[in-house]
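Right, one structure below, let's go through it.
The values are calculated or read from the model by the stated rules, or taken from the named source; none is laboratory data. Being a predicted model, the structure only gives us computed values, none of them experimental. Heads up, the Cβs are rebuilt from the backbone with ideal geometry, glycines too, and the neighbour counts pull from every protein chain shown. Quick note on the areas: whole protein, heavy atoms, side chains included, nothing else; ligands and nucleic acids left out. Shrake-Rupley method; radii C 1.70, N 1.55, O 1.52, S 1.80 Å.
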Amino acid sequence: WMFSMAIWTYPWAKQDQAPCGSPSAAMVKKFADIAKGKCKFGRRNMRNAMVMEMRRQEQLKRGTKVSGKGKQVTVAAQEVPITQRAGHPLVKTKAKPAEWKTIPGKAITVDLARVPWLPDDWGQGVKMTNPISRSTPGQGGTYTVWVAPCGRVFYHRAAMEVFLGRTLSVKDGFNGQRRLAQLQGKRTDEKKFFEILTPAERKRLPKADELHFCIVSARRTETAEGLQGIAQVQALFQSAAVEPTWYVDEPSLEEYKKLGLKAVVGGKLCPARNKCLVDAARLGKACVEVSDDISRWEYYDGAQAKDGSDDAVNAAHAAATCHIITPVAAARFLLAKLRAAQALAPDKSKAPHLAGVYPLGSCSRAFGGPEIQNQHFILGDFFVVDVGSKLRFDEEMTLKEDYDFTAQHIFTHGSVIRCTRMTIAAKHQTNAGGACAIRDKKGLEEQKNIAILMRKWPRGIRNHTKRKNEVMMQWPADGDVMGTARAAAAAEKEASKKVGGGLVKKDGKLKAKLKPLKAKSSKVPVEFKTTARVAKGGNACKLPYISARVAAASGKTVQYLLEEFFFKDGKGAQKKYGPADLRYDIQRGTLRLR
């Protein structure tokens with residue numbers, strides 16, 4: 001069951017108003033607060049209060065006193081106008097919901113709930129059961145009923161299907177579920193949420209029309225669970241006045257369009273993801289990619305834990321303020337952080353262009369660290385790519401493509417932004433359709449994609465220590481994700497065993513004690529910071545020995561390079577790296593300081 005108390009206005013609303021007449025100004029404000037998610041009572045709690053109050057009133061008529069819910073929640077439930085309840089029909093009907101009655105004359109109250117298969121022109125209500133000879137005083141119950149457009153009351157789904165002459169499915173109730181999801185959201189006021197950003201970030205907060213919102217989906221219309229997920233995601237966007245574009249598989253295109261969605265053919269997973277990026281670039285907008293099974297976006301605003309212990313991080317998480325937000329607000333928030341980080345970078349192309357959320361449903365453990373992480377995995381279920389990045393998904397991959405996309409961004413742009421205080425609620429591996437249709441029981445497809453990741457990023461991806469057919473991203477601190485610097489260091493170490501043509505070892509026996517080549521201490525010029533690190537620049541050198549030198553130097557500090565680093569020149573002779581070499585590499589654009 002799902003519940004709703006938010007405002008939903010109909011053109012015929014006046015004909016169904018409660019007998020008490022027009023609501024007061026205070027009541028109107030209360031209804032508006034409910035619509036904005038400011039009501040402090042949960043939806044299930046409200047529905048229970050309504051049902052218990054019906055039962056209490058009925059028992060009073062029979063001379064029996066029974067207890068109900070608390071006064072505040074009961075009043076709140078009763079004050080929700082029937083036109084603003086989930087059980088009210090979505091279209092105008094012959095029978096007025098305010099006058100619903102059974103054949104014997106039993107009054108029916110419009111419900112705060114709505115089953116997922118109920119057609120748009122049907123309503124859902126609650127009625128009291130009649131006492132019988134075996135009834136115990138104080139034990140009268142309620143019954144959920146469904147009312148046809150003509151006013152006929154039904155107690156069972158099977159009887160409804162006989163009446164209609166067809167089988168009911170979730171597709172019949174799609175619009176009702178979309179409306180329900182749109183209205184039941186309990187969300188933080190956006191203005192209050194954006195105050196969490198720093199002044200520099202708020203200055204760069206984009207408008208919603210500066211982003212291209214894409215929902216990547218496939219084969220979700222085939223199941224009831226999938227349709228409910230589609231309705232939920234679409235409603236969350238519509239509540240923010242945004243119409244997203246659905247990128248779907250070609251065989252399912254018409255099914256998505258029948259649901260009233262703006263759908264285009266995306267193809268398989270990675271081609272669809274790339275089409276989103278290409279379309280956003282063509283429009284000159286940042287790209288937001290969203291999975292079709294997300295039900296909730298949250299942001300926890302609070303101080304970092306004093307230490308990394310479980311007690312400390314759980315306490316910090318519990319003390320934080322939870323903001324329930326729309327996907328549109330979440331994307332704008334992340335893009336503001338991206339652009340503020342880019343503004344601080346001397347070269348925008350070397351600043352982060354990818355931002356995402358914490359990959360787990362709970363971020364309590366993340367309170368042991370900072371809010372922003374720069375070299376960590378970005379979950380593919382929800383992320384933002386800013387204008388200017390030309391990176392694309394590897395279409396060789398069918399699963400775990402988000403690991404590769406993250407690695408590409410860190411390698412090319414130097415970092416990403418993962419907001420550890422923002423989370424989503426997604427079904428990931430349990431929802432039928434999409435990537436779940438690609439996975440096999442033996443995990444062969446998973447292993448195939450893991451092998452691709454290992455080949456492309458040998459020092460950045462490793463097997464998960466606990467989960468079979470899963471991986472972990474752990475970007476190396478020295479930035480040498482390809483392992484080229486390590487290989488160069490190993491070659492240098494091997495070469496250092498040779499001194500004046502004599503080998504240290506012969507036939508496995510030590511023949512002579514050789515002195516290793518020592519670097520003379522070199523004073524670092526004032527133009528360079530000793531703690532600064534170098535990274536590969538945007539230009540490549542045609543000379544093989546320069547290319548090898550650049551690869552080995554990437555990720556090292558200036559002090560290490562000028563005091564301890566050696567390389568082989570064009571003739572194969574070992575030379576010490578000096579200030580002139582560093583200046584040359586920077587001026588030619590093969591290296592850069594960061």
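Just so you know, in region 516-544 the residues that are of a type outside the set (A, V, I, L, M, F, W, C) and open to solvent by less than 80 Å² (accessible area, probe 1.4 Å) include one that is modelled with the lowest pLDDT, and it is SER522.
Against the criterion of being in contact (Cβ under 8 Å) with a residue 60 or more places away in the chain, touching a strand residue (DSSP E or B) at 6+ places or on another chain (Cβ under 6 Å) and open to solvent by less than 20 Å² (accessible area, probe 1.4 Å), ALA552 does not qualify.
Hey, could you check region 272-286 for residues that are closer than 25 Å to ILE230 by Cα and not in a helix (DSSP H, G or I) and say which is farthest from the chain's Cα centre (by Cα)? Among them, the one singled out is LYS285. Please verify whether PHE377 is in a loop (DSSP other than H, G, I, E, B) and over 25 Å from PHE237 (Cα atoms), treating the condition exactly as stated. The answer is yes for PHE377. Quick check, is ALA320 touching a helix residue (DSSP H, G or I) at 6+ places or on another chain (Cβ under 8 Å) and open to solvent by 10 Å² or more (accessible area, probe 1.4 Å)? Yes; evaluated as a whole, the condition is true for this residue.
Tallying residues that are open to solvent by 10 Å² or more (accessible area, probe 1.4 Å) and in contact (Cβ under 8 Å) with a residue 24 or more places away in the chain within region 327-344 yields 7. Only one of the numbered conditions (1) over 20 Å from GLU371 (Cα atoms); (2) crowded, with 16+ Cβ neighbours inside 10 Å; (3) within 17 Å of the chain's Cα centre (by Cα); (4) modelled with pLDDT under 95 is violated by SER295, and that is (2). When SER309 is tested against (1) closer than 28 Å to SER239 by Cβ; (2) surrounded by fewer than 21 Cβ atoms within 10 Å (Cβ to Cβ); (3) small (Gly, Ala, Ser), exactly one condition is not met: (1). Filtered by the rule that a residue be out of contact with any strand residue (DSSP E or B) (no Cβ under 6 Å at 6 or more places or on another chain) and either of a type in the set (A, V, I, L, M) or open to solvent by 20 Å² or more (accessible area, probe 1.4 Å) (or both), region 375-399 gives GLN375, GLY388, LYS390, LEU391, ARG392, ASP394, GLU395, GLU396, MET397, THR398, LEU399. Look at ASN314 and say whether it is assigned to a helix (DSSP H, G or I), among the polar types (S, T, N, Q), touching a residue at least 12 places away in the same chain (Cβ under 8 Å) and over 29 Å from ILE215 (Cβ atoms). The answer is yes for ASN314. Of the residues in region 219-228, at least one is assigned to a loop (DSSP other than H, G, I, E, B) and either more than 17 Å from the chain's Cα centre (by Cα) or at pLDDT below 95 (or both).
If you filter region 170-198 down to residues that are part of a loop (DSSP other than H, G, I, E, B) and open to solvent by 50 Å² or more (accessible area, probe 1.4 Å), you find that the one that is modelled with the lowest pLDDT is LYS186.
Test LYS466 against the criterion of being outside any helix (DSSP H, G or I) and at pLDDT 60 or above, and give yes or no. Yes: the conditions hold for LYS466.
Scanning region 236-259 for residues that are open to solvent by 50 Å² or more (accessible area, probe 1.4 Å) and either small (Gly, Ala, Ser) or part of a strand (DSSP E or B) (or both) yields a count of 1.
Annotation: ALA425 fulfils all but one of (1) modelled with pLDDT of 70 or more; (2) farther than 30 Å from LYS350 by Cα; (3) part of a loop (DSSP other than H, G, I, E, B); (4) under 22 Å from the mean Cα position of the chain (by Cα); the unmet one is (3). Can you name every residue in region 570-589 that is in contact with a Lys or Arg (Cβ under 9 Å, 6 or more places away or on another chain) and closer than 18 Å to ALA487 by Cβ? Hits for region 570-589 are GLN574, TYR577. Within region 199-209, can one find any residue that is over 24 Å from ARG421 (Cα atoms) and either surrounded by fewer than 16 Cβ atoms within 10 Å (Cβ to Cβ) or out of contact with any Phe, Trp or Tyr (no Cβ under 7 Å at 6 or more places or on another chain) (or both)? The answer is yes, given that some residue of region 199-209 is over 24 Å from ARG421 (Cα atoms) and either surrounded by fewer than 16 Cβ atoms within 10 Å (Cβ to Cβ) or out of contact with any Phe, Trp or Tyr (no Cβ under 7 Å at 6 or more places or on another chain) (or both). Just to be sure, is PHE213 part of a strand (DSSP E or B) and buried (at least 17 other Cβ atoms within 10 Å of the Cβ)? For PHE213, the condition - part of a strand (DSSP E or B) and buried (at least 17 other Cβ atoms within 10 Å of the Cβ) - is met.
Among the residues making up region 557-594, those that are over 41 Å from the mean Cα position of the chain (by Cα) and of a type in the set (Ser, Thr, Tyr) are TYR577, TYR584. Evaluation of GLU289 against the conditions (1) buried (at least 16 other Cβ atoms within 10 Å of the Cβ); (2) not in a strand (DSSP E or B) shows that the sole unmet condition is (2).
Filtering region 401-417 to residues that are charged (D, E, K, R) and open to solvent by 20 Å² or more (accessible area, probe 1.4 Å) leaves only ASP402.
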